[in-house]
Amino acid sequence: MGANAEMWYYWNRFWELKDVSFIQSIPGMEIFRPAPGVFRILQPLWEIALGLENYVKSPLFPIVLSMCLYVVMVMPWVYIDMYGREWKWIQKYKIQPDKPATWAGIRKAMLLTLWNHLLYLLPISVAQWVWTPDTVLPKIAPTLWDFCVNQYLALAVFDFEYYIWHFSHHKVRFLYKHVHGVHHQYHAPHSWVTQYLHPWELIAVGTFATTSPWIFSSHPMTHWSFMQFSMLISVEAHIGYDLPLMPHNWAPFWGGGIKHDMHHQKPLTNFQPFFNWFDRLMGTECPGQRAGGYKPPELLDWEKKHAELRLLKRKELESKSGLLLNLLDDQAEEDLILDPVN
Ligand SMILES: [Zn+2]
Ligand SMILES: [Zn+2]
């Protein structure tokens with residue numbers, strides 16, 4: 001193809017617009033419906049995927065991509081945790097500096113992750129490969145608006161689904177003891193704890209991440225990107241560092257890393273994985289501990305208030321039963337049925 005013909009080919013690809021997305025079909029959102037002739041900035045990237053169509057249309061593609069990217073996301077943090085203990089420039093951001101990650105703890109989490117992938121995710125993936133039809137790849141990329149908004153909405157759905165799942169797996173003792181408690185063996189998370197999960201939890205999380213974008217009839221590019229993005233912010237929630245550019249420092253209603261780290265310290269708080277609006281609504285939000293183990297005044301207030309409530313509860317129970325009670329704090333209560341790693 002000559003240079004002119006090639007330019008003409010891409011020109012036609014960029015400007016050939018026929019599809020209308022879910023968001024653009026909502027009354028009032030027509031303004032975001034691109035008229036024919038609107039440039040799609042993601043088209044060159046999508047052309048690369050179309051060039052590899054034989055591979056990317058396979059239902060195995062997003063799963064293999066997720067597994068590979070997960071290792072790429074967590075390994076730098078393993079290096080920092082293992083070899084960077086003296087690096088002050090990064091260690092000053094550690095949320096629980098008194099509990100550094102150990103090789104034994106990292107190896108334990110790596111082995112369970114590997115085991116879960118081989119024993120559960122691999123057979124599910126192969127079954128999907130055999131029985132699910134190939135993904136139909138549209139010729140046109142999503143608009144940037146669709147790409148971003150669909151992912152944000154899918155994230156809100158995932159966040160809500162996991163909140164319900166998570167809350168019930170803390171409140172029902174059987175579910176906590178036999179399923180979610182596995183994840184809470186680590187009080188000070190590190191990157192590999194992200195998928196240190198009971199297989200049932202891994203399958204539930206995988207299902208939420210895969211199906212949430214379906215609601216919005218997302219483009220395959222948006223769908224794949226969402227799966228990787230949700231995994232990236234899940235890893236971010238577990239690295240155990242409070243870095244200046246992390247979204248909890250600038251995004252409204254974002255819980256993120258410091259809130260989830262606190263959830264591992266005080267398991268009956270901060271049930272939302274990403275945002276914090278339901279925790280605020282339900283009164284289960286606890287302010288996060290910050291870089292260097294710093295406890296901000298709002299966290300000290302929270303701890304003081306909860307210590308007082310616990311004392312009141314204890315006195316009330318003692319006066320009813322006539323016995324002297326030793327009421328444990330939330331963490332110790334949860335540990336009674338766990339085998340903590342750190
Ligand atoms: Zn966690
Ligand atoms: Zn939990």
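The values are calculated or read from the model by the stated rules, or taken from the named source; none is laboratory data. The structure presented is a predicted model; accordingly, all values stated were derived computationally and were not measured. We place every Cβ from the backbone using ideal geometry, glycine too, and count neighbours over all the protein chains shown.
Restricting attention to the stretch 263-281, which residues are touching a residue at least 60 places away in the same chain (Cβ under 8 Å) and more than 15 Å from ligand 1 (Cβ to nearest atom)?
PHE275, PHE278
Evaluate the stretch 300-322: report whether one residue or more is under 27 Å from ALA109 (Cα atoms), in a helix (DSSP H, G or I) and not assigned by TED's automatic domain parsing to the domain that holds GLN91. I'd like the intermediate steps shown before the answer.
Filtering the stretch 300-322 down to residues under 27 Å from ALA109 (Cα atoms) leaves none.
No, the conditions are met nowhere in the stretch 300-322.
Tell me, which residue of the stretch 47-104 that is in a helix (DSSP H, G or I), among the polar types (S, T, N, Q) and over 22 Å from the mean Cα position of the chain (by Cα) is surrounded by the most Cβ atoms within 10 Å (Cβ to Cβ)?
GLN91
Which one of these does GLY181 not meet: (1) in a helix (DSSP H, G or I); (2) of a type outside the set (Phe, Trp, Tyr); (3) more than 16 Å from ligand 2 (Cβ to nearest atom)?
(3)
For the stretch 148-206, name all the residues that are of a type in the set (A, V, I, L, M, F, W, C), in contact with a His (Cβ under 6 Å, 6 or more places away or on another chain) and away from ligand 1 (no atom under 13 Å from the Cβ).
Taking the stretch 148-206 first, the residues of a type in the set (A, V, I, L, M, F, W, C) are 148-149, 153-158, 160, 164-165, 167, 172, 174-175, 179, 182, 188, 192-193, 197, 200, 202-205.
Retained after the next criterion (residues that are in contact with a His (Cβ under 6 Å, 6 or more places away or on another chain)): 175, 179, 182, 193, 197.
Once the filter is applied, which keeps residues that are of a type in the set (A, V, I, L, M, F, W, C), in contact with a His (Cβ under 6 Å, 6 or more places away or on another chain) and away from ligand 1 (no atom under 13 Å from the Cβ), the stretch 148-206 yields LEU175, VAL179.
Does HIS260 count as touching a Phe, Trp or Tyr at 6+ places or on another chain (Cβ under 7 Å), in a helix (DSSP H, G or I), within 16 Å of ligand 2 (Cβ to nearest atom) and in contact (Cβ under 8 Å) with a residue 40 or more places away in the chain? Reasoning before the result, please.
Numbers: touching a Phe, Trp or Tyr at 6+ places or on another chain (Cβ under 7 Å): no; in a helix (DSSP H, G or I): yes; within 16 Å of ligand 2 (Cβ to nearest atom): yes; in contact (Cβ under 8 Å) with a residue 40 or more places away in the chain: yes.
Judged against the criteria, HIS260 is not a match.
Does any residue in the stretch 152-163 that is not assigned by TED's automatic domain parsing to the domain that holds SER234 come within less than 9 Å, Cβ to Cβ, of a residue that is buried (at least 18 other Cβ atoms within 10 Å of the Cβ) six or more places away or on a different chain, and which pairs are these?
Qualifying pairs under 9 Å: none.
Could you say which residue among LEU243, LEU197, LEU202 is within 16 Å of ligand 2 (Cβ to nearest atom) and part of a loop (DSSP other than H, G, I, E, B)? Don't jump to the end; show me each part of the working.
Numbers: LEU243 fails: within 16 Å of ligand 2 (Cβ to nearest atom); LEU202 fails: part of a loop (DSSP other than H, G, I, E, B).
Unique residue meeting the criteria: LEU197.
Just checking, does the stretch 228-240 include any residue being more than 12 Å from the chain's Cα centre (by Cα) and more than 13 Å from ligand 1 (Cβ to nearest atom)?
No.
For PRO296, only one of the following conditions fails: (1) in the same structural domain as LEU137 (by TED's automatic domain parsing); (2) more than 14 Å from ligand 2 (Cβ to nearest atom). What is its number?
Unmet for PRO296, out of (1) in the same structural domain as LEU137 (by TED's automatic domain parsing); (2) more than 14 Å from ligand 2 (Cβ to nearest atom): (1).
Does the stretch 157-165 contain at least one residue that is closer than 22 Å to MET82 by Cα and either within 16 Å of ligand 2 (Cβ to nearest atom) or under 16 Å from the mean Cα position of the chain (by Cα) (or both)?
At the first step, the residues of the stretch 157-165 found to be closer than 22 Å to MET82 by Cα are none.
No, there is no match, as no residue in the stretch 157-165 is closer than 22 Å to MET82 by Cα and either within 16 Å of ligand 2 (Cβ to nearest atom) or under 16 Å from the mean Cα position of the chain (by Cα) (or both).
If you take the residues in the stretch 212-261 that are under 18 Å from LEU153 (Cβ atoms) and among the β-branched types (Val, Ile, Thr), which one is surrounded by the fewest Cβ atoms within 10 Å (Cβ to Cβ)?
By that ranking, first place goes to ILE215.
Pick from the stretch 266-283 the residues that are among the polar types (S, T, N, Q) and within 11 Å of ligand 2 (Cβ to nearest atom): which of them is nearest to the chain's Cα centre (by Cα)? Let's see the steps before the verdict.
Going through the stretch 266-283, the residues among the polar types (S, T, N, Q) turn out to be 269-270, 272, 276.
Next, from what is left, pick out any that are within 11 Å of ligand 2 (Cβ to nearest atom): 269-270, 272.
Values: THR269: 17, ASN270: 14, GLN272: 10 Å.
Only one residue tops the list, namely GLN272.
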